[in-house]
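*Asks:* Below is a structure I'd like to ask you about.
The values are calculated or read from the model by the stated rules, or taken from the named source; none is laboratory data. Remember, it's a predicted structure, so these values are computed and weren't measured experimentally. With ideal geometry, Cβ positions are generated from the backbone for all residues, glycine too; neighbour counts draw on all protein chains shown.
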Amino acid sequence: MKKKTTIYDIAKELNITVSTVSRALSGFPAISDTTRKAVVEMAKKLNYSPNKLASALKSGKTHIIGVIVPSVQAHFFASIIHCIEDGLKDSGYRVIIYQSNESVENEINGVRTLLEAQVDGIMASLSLETEDVSHFAEIIKQNKPLILFDRVNVDLKVPTITLDDFRAGYIATKHLIDKGYKKIAFITTAHQVKIFNARLDGYKKALSDHNLPVLEEHILLGGLSIKDGQFGAGKLMRSNKPDAIIGGDDFTALGVIQKLKEIGETPPEIGVIGFANEAFAAYITPNLSTIDQHAPQMGMECAKMFLKMISQENPYANMEHVVLQAEVVERESTNKKCS
């Protein structure tokens with residue numbers, strides 16, 4: 001096996017000290033430009049790569065951030081991750097991604113795995129199953145930054161970046177009301193997750209503010225998936241038929257559209273709106289009205305908050321809670337002029 005090049009090899013080739021090579025590669029200001037250039041060129045010639053583990057042990061920093069998300073298959077979370085990476089790259093940080101797949105057990109394993117990898121901090125969006133958040137306590141105990149985004153838990157006294165989900169539920173419902181829909185149903189998760197409960201509360205308040213009844217048979221609590229949307233739409237259309245359906249996310253709304261088309265109720269005859277503005281929403285037929293949750297901005301805010309936290313001796317000294325505002329993206333599925 002070919003021997004790995006070390007700084008000793010570079011020093012020997014240039015006939016300089018090992019400490020000079022180390023300082024040149026570290027950008028030490030007392031090293032002349034001529035020496036630094038010679039060291040860098042020789043390092044390239046010898047295919048030298050720094051020992052990041054040794055450097056991490058010496059500095060106490062790995063310059064690696066852990067990000068835990070429910071799923072990278074959702075464009076919403078993928079977009080957040082992309083913007084976290086983009087926001088940290090100039091500071092030399094890299095990202096390790098861990099998917100919980102909506103499992104609290106996976107989430108617990110993710111926290112443990114990332115801490116064992118000596119990450120400098122963790123950003124997380126909670127799984128649907130997560131109620132007890134005690135597994136995050138070790139991050140705080142180690143004085144490492146913990147940031148929660150999108151799905152959060154107020155029991156954890158940490159910085160957060162969230163959407164105003166009550167308003168998101170309200171404006172989704174109001175959009176349908178403004179379009180002339182009056183019997184509006186809602187399909188969402190049965191899990192007691194703050195953001196989904198807030199959206200449901202916003203839905204109820206919008207109906208009440210516009211003197212429309214809140215009918216329990218129009219609120220279906222189950223799962224969030226294409227299959228759940230299909231099942232929910234089928235059930236709703238069999239009794240006390242609504243004239244519009246809100247999906248708890250865009251995947252659920254997609255299932256609703258598929259089922260409505262199957263039974264001959266093509267939107268916008270029955271209005272449909274979702275949440276997240278997933279990439280597919282603009283390309284299905286009819287294309288899907290949705291609530292834009294500003295994933296890129298959420299990712300950039302996560303990166304900015306992390307950099308603020310590591311600049312403080314106590315990362316939790318100045319606790320911040322950033323709340324983003326949702327917007328309606330109107331497309332064919334709620335545009336009655338298309339029907």
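*Asks:* In contact (Cβ under 8 Å) with a residue 24 or more places away in the chain, of a type outside the set (F, W, Y), in a loop (DSSP other than H, G, I, E, B) and not assigned by TED's automatic domain parsing to the domain that holds L200: does that describe N287? Reasoning before the result, please.
*Replies:* Working: in contact (Cβ under 8 Å) with a residue 24 or more places away in the chain: yes; of a type outside the set (F, W, Y): yes; in a loop (DSSP other than H, G, I, E, B): yes; not assigned by TED's automatic domain parsing to the domain that holds L200: no.
When the stated conditions are applied, N287 does not pass them.
*Asks:* Considering every residue within the range 160-168, establish whether at least one is more than 25 Å from P267 (Cβ to Cβ), at pLDDT 95 or above and touching a Leu at 6+ places or on another chain (Cβ under 6 Å). Steps first, answer last, please.
*Replies:* From the range 160-168, those more than 25 Å from P267 (Cβ to Cβ) are 160-162, 164, 166; that's our starting set.
Subsequent filtering for residues that are at pLDDT 95 or above retains 160-162, 164, 166.
Filter once more, so that each one left must be touching a Leu at 6+ places or on another chain (Cβ under 6 Å): 160.
Yes - at least one qualifying residue is present in the range 160-168.
*Asks:* Continuing with the same structure: For the range 296-339, enumerate the residues that are surrounded by 13 or more Cβ atoms within 10 Å (Cβ to Cβ), more than 20 Å from the chain's Cα centre (by Cα) and polar (S, T, N, Q).
*Replies:* Of everything in the range 296-339, those that are surrounded by 13 or more Cβ atoms within 10 Å (Cβ to Cβ), more than 20 Å from the chain's Cα centre (by Cα) and polar (S, T, N, Q) turn out to be S333, T334, N335.
*Asks:* Right, something else. From the set of residues in the range 112-147 that are farther than 16 Å from H63 by Cβ and within 16 Å of the chain's Cα centre (by Cα), which is surrounded by the most Cβ atoms within 10 Å (Cβ to Cβ)? Steps first, please.
*Replies:* Taking the range 112-147 and keeping what is farther than 16 Å from H63 by Cβ, we get 112-113, 116, 124-143, 146-147.
The next check asks that each one be within 16 Å of the chain's Cα centre (by Cα); those that pass are 124-128, 130, 146-147.
On the way: A124: 30, S125: 26, L126: 26, S127: 25, L128: 20, T130: 22, L146: 24, I147: 27.
Selected residue: A124.
*Asks:* If we scan the range 44-65, do we find a residue that is assigned by TED's automatic domain parsing to the domain that holds V119 and either touching a Leu at 6+ places or on another chain (Cβ under 6 Å) or at pLDDT 90 or above (or both)?
*Replies:* Among the residues of the range 44-65, at least one is assigned by TED's automatic domain parsing to the domain that holds V119 and either touching a Leu at 6+ places or on another chain (Cβ under 6 Å) or at pLDDT 90 or above (or both), which makes the answer yes.
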